[in-house]
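Heads up: the structure comes next, in structure tokens.
FYI, it's all coordinate maths here, none of it is from the lab. Being a predicted model, the structure only gives us computed values, none of them experimental. Here Cβ is always computed from backbone atoms with ideal geometry, including for glycine, and neighbour counts include all displayed protein chains.
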Amino acid sequence: GENVEQHPSTLSVQEGDSAVIKCTYSDSASNYFPWYKQELGKGPQLIIDIRSNVGEKKDQRIAVTLNKTAKHFSLHITETQPEDSAVYFCAADPSGYSTLTFGKGTMLLVSP
Amino acid sequence: DVKVTQSSRYLVKRTGEKVFLECVQDMDHENMFWYRQDPGLGLRLIYFSYDVKMKEKGDIPEGYSVSREKKERFSLILESASTNQTSMYLCASTAGLSYNSPLHFGNGTRLTVT
């Protein structure tokens, strides 16, 4: 089955800095890669996603890049703010029907 | 806005008890999922369902079963709870293909088995 590795497990940055979280996947059949943000006491919420026919996607301060050849994808957050502090999960979907395999998560702490 | 509601925020049960975790979604979604979340392990798929009365095993189905008698409701059942099932349980739903309809999660049920 699919295996998703996520790094780092924790990331501390100063407000205004950039943050990068990296993931690798193993199943070349995976063609959809979402990123979820989980705030304390809540369920994960989708923040951005990318399909395998696209190399990069941006949404304001958030961007995701995908390298299918290397089976890498990354989340980039620019101009971080304290409200970006949360746990972030990457995921891969080999089936196309949302049976996602998640990474282990990255706790991002943005200090004012 | 899609709402996925898990009936209990916190549950404490004893070893050997039969436990029911309930989940209801209000968007007429076809697909529903149960995940388990543990520190350092991320989210792991327990069971999922693509239609009423249908169920499929995920990555860690042992010790669990599910029931989907109505489209909007998906129940996770621990037949005989054990301490290693102490965890956060997350329910999710989606309308169809993943790139057209992302997963929507509930806020979770934190289960403690003593």
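Normalised Debye scattering of segment A:1-89 at q = 0.15, 0.18, 0.22 Å⁻¹ gives log10 I(q)/I(0) of -0.56, -0.81, -1.16, counting only Cα atoms as equal scatterers and leaving out solvent.
Total lysine pairs in chain B at Cα distances under 20 Å, for residues eight or more apart or on different chains: 10. Per the Kirkwood formula applied to alpha carbons, segment B:1-41 shows a radius of gyration over Rh ratio, Rg over Rh, of 1.03. Rounded to the nearest Hz, the phi-derived 3J(HN,Hα) couplings of segment B:108-113 under the Karplus curve 6.51 cos²θ - 1.76 cosθ + 1.60 (θ = phi - 60°) are x, 10, 8, 9, 10, 10, where x marks glycine and proline. Charge dipole of segment A:22-112 (Cα centre as origin; +1 on each Lys and Arg Cβ, -1 on each Asp and Glu Cβ, all else neutral): 200 debye, rounded to the nearest 20. Summarised as an ellipsoid, chain B has semi-axes of 23, 14, 13 Å, derived from the eigenvalues of the Cα gyration tensor scaled by 5 and square-rooted, with the largest first.
Per-residue Cβ counts within 10 Å, from other chains only, averaged over A:97-108: what number is that? Before the final figure, lay out each step's value.
Working: counts 9, 18, 10, 9, 6, 7, 2, 6, 6, 0, 0, 0.
Taking all residues of A:97-108 together, the mean is 6.
For the protein assembly as shown, divide the Cα radius of gyration by the Kirkwood radius and give the resulting Rg/Rh value with two decimals.
Values: Rg = 17.4 Å, Rh = 18.0 Å.
Rg divided by Rh gives 0.97.
Overall dimensions of segment A:42-88, expressed as equivalent-ellipsoid semi-axes from the Cα gyration tensor (√(5λ), whole Å, largest first), are 22, 12, 10. Extending 7 Å from the Cα toward the beta-carbon at both B:Ser67 and A:Gln14 defines two label points whose distance is 5.7 nm. Ranked by how many other Cβ atoms sit within 10 Å of their own Cβ, fewest first, the residues A:Asp93, A:Asp49, A:Asp17, A:Asp59 fall in the order A:Asp59, A:Asp17, A:Asp49, A:Asp93. Each label point was placed 7 Å from the Cα along the Cα-to-Cβ direction; for B:Ala95 and A:Ser95 their separation is 2.0 nm. Placing dummy labels 7 Å off each Cα toward the beta-carbon, the span from A:Ser28 to A:Val54 is 2.4 nm.
What is the calculated FRET efficiency for B:Lys57 to A:His72, with r their C-beta to C-beta distance and R₀ = 30 Å, to the nearest 0.05?
FRET efficiency, B:Lys57 to A:His72: 0.55.
Per-residue 3J(HN,Hα) values for segment A:84-100, derived from phi via the Karplus relation 6.51 cos²θ - 1.76 cosθ + 1.60 with θ = phi - 60°, read 7, 4, 4, 9, 10, 10, 9, 8, 9, 10, x, 9, x, 10, 6, 7, 6 Hz in sequence order (x marks Gly and Pro).
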